[in-house]
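Student: I have a structure I would like to understand better, so I am pasting it below and will then ask my questions one at a time.
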Amino acid sequence: MSIGWGIVGAGMLADTAFAPAAQAAAGNHVQAVFSRSPTRAAEFAARHDVPRACTSYHDLLDDPEVDAVYV
């Protein structure tokens, strides 16, 4: 089973702890990240190889590839 994660907030814990751990864990991948700042969302997505950077949390929650959300 594979779990696609969405991250709400591109803050320090998500950036330094959660995203690297989720990407490294078997069967997990970060599919989308939300930030109110388009620049911050895009930079986070690029840094962690996340396919989608969202500036609306509705877009993240409506993403069919997101199974679980880290807040």
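Student: Report Rg(Cα)/(2.2 N^0.38 Å) for segment 8-68, keeping two decimals. Provide the component values of the computation, followed by the final result.
Tutor: Values: Rg = 10.5 Å, N = 61, 2.2 N^0.38 = 10.5 Å.
It is 1.00.
Student: How large, in percent, is the carbon and sulfur part of the accessible surface of the chain at a probe radius of 1.4 Å? Present the calculation step by step, with values, prior to reporting the outcome.
Tutor: On the way: 2350 of 4150 Å².
Its accessible area is 57 percent carbon and sulfur atoms.
Student: Extension gain residue 59-residue 13, at 0.36 nm per residue separation less the Cα-Cα distance, in nm? Walk me through the intermediate numbers first.
Tutor: Details: separation 46, 0.36 × 46 = 16.56 nm, distance 2.18 nm.
Going from the current span to full extension adds 14.4 nm.
Student: Quote the accessible area belonging to residue 40 in square angstrom, nearest 10, computed with a 1.4 Å probe and with ligands, DNA and RNA left uncounted.
Tutor: 120
Student: For the chain, what does the accessible surface come to per residue with a 1.4 Å probe? Please give it in Å².
Tutor: Numbers: 4150 Å² over 71 residues.
That works out to 58 Å² for each residue.
Student: Counting only the heavy atoms of the protein chains, how much of residue 12 is accessible to a 1.4 Å probe, in Å² to the nearest 10?
Tutor: So the heavy atoms of residue 12 present about 140 Å² to solvent.
Student: Something else now. I need to check one value: relative contact order of the chain, counting alpha carbon pairs closer than 8 Å and at least 6 residues apart, in percent. Mind showing how you got there, number by number?
Tutor: Working: 128 pairs, mean separation 28.9, N = 71.
Across the chain, relative contact order equals 41 percent.
The values are calculated or read from the model by the stated rules, or taken from the named source; none is laboratory data. Remember, predicted model here, so these are calculated numbers, not experimental data. For accessibility, only protein heavy atoms count, side chains too; no ligands or nucleic acids. Shrake-Rupley method; radii C 1.70, N 1.55, O 1.52, S 1.80 Å.
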